[in-house]
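Written below as structure tokens is the structure these notes are about.
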Amino acid sequence: MLSRFDLKPGVSFASFRSSYVKFVERMRVEGLVEATGKIGRREADTPMDTDDEKAPAYYVIMSFRDRRQLDEAYAYMTDVNAQNATAHAAVHQAVTNSVFTCWRDVE
């Protein structure tokens, strides 16, 4: 899953990163995510970036084993009573303009 987002005004990258690491570790312990990449920042001032839209500044890729794990992760993230609710809320409340794209490898 590709997550693209901006940080809300007043949220530092260091604070967001710390919350994101805790959130993903909790998901990993629960068996709901396989891996995550490093958080990246968009480089819009190069001709290689052809996205003419006002795309968010940050991105990160989260990997799931299969569709079942993806769906279970979504259910867990949206369950306000889950053990992960606080960790997910800390990440979710720090971002704006979020866009999520999911795909399945074909090879």
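The values are calculated or read from the model by the stated rules, or taken from the named source; none is laboratory data. Keep in mind that what you see is a predicted model, and the values were worked out from it rather than measured. Glycine also receives a Cβ, built like all others from the backbone with ideal geometry; neighbour counts cover every protein chain displayed.
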Those residues of region 25-38 that are closer than 13 Å to residue 74 by Cα and among the β-branched types (Val, Ile, Thr) come to a total of 1
Give the residue, chosen from 59, 74, that is closer than 21 Å to residue 105 by Cα and without any contact (Cβ under 8 Å) to a residue 24 or more places away in the chain. 74
Given the conditions (1) surrounded by fewer than 14 Cβ atoms within 10 Å (Cβ to Cβ); (2) touching a Ser or Thr at 6+ places or on another chain (Cβ under 7 Å), report the number of the one that residue 24 does not fulfil. (1)
Quick check on my filter: what residues within region 65-107 are closer than 18 Å to residue 35 by Cα, over 12 Å from the mean Cα position of the chain (by Cα) and assigned to a loop (DSSP other than H, G, I, E, B)? 65, 66, 84, 103, 104, 105
If I go through region 42-69 residue by residue, how many of them are in contact with a strand residue (DSSP E or B) (Cβ under 9 Å, 6 or more places away or on another chain), at pLDDT below 90 and surrounded by fewer than 14 Cβ atoms within 10 Å (Cβ to Cβ)? 1
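Mind listing just one residue for me: the one in region 73-85 that is out of contact with any helix residue (DSSP H, G or I) (no Cβ under 9 Å at 6 or more places or on another chain) and exposed (fewer than 13 other Cβ atoms within 10 Å of the Cβ) and, of those, modelled with the lowest pLDDT? Spell out the reasoning first.
Within region 73-85, the first condition is being out of contact with any helix residue (DSSP H, G or I) (no Cβ under 9 Å at 6 or more places or on another chain), and the residues that meet it are 74-75, 81.
Those left that are additionally exposed (fewer than 13 other Cβ atoms within 10 Å of the Cβ): 75, 81.
Details: 75: 92, 81: 77.
Only one residue tops the list, namely 81.
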Determine, yes or no, whether residue 90 is touching a residue at least 12 places away in the same chain (Cβ under 8 Å), surrounded by 12 or more Cβ atoms within 10 Å (Cβ to Cβ) and at negative phi. yes
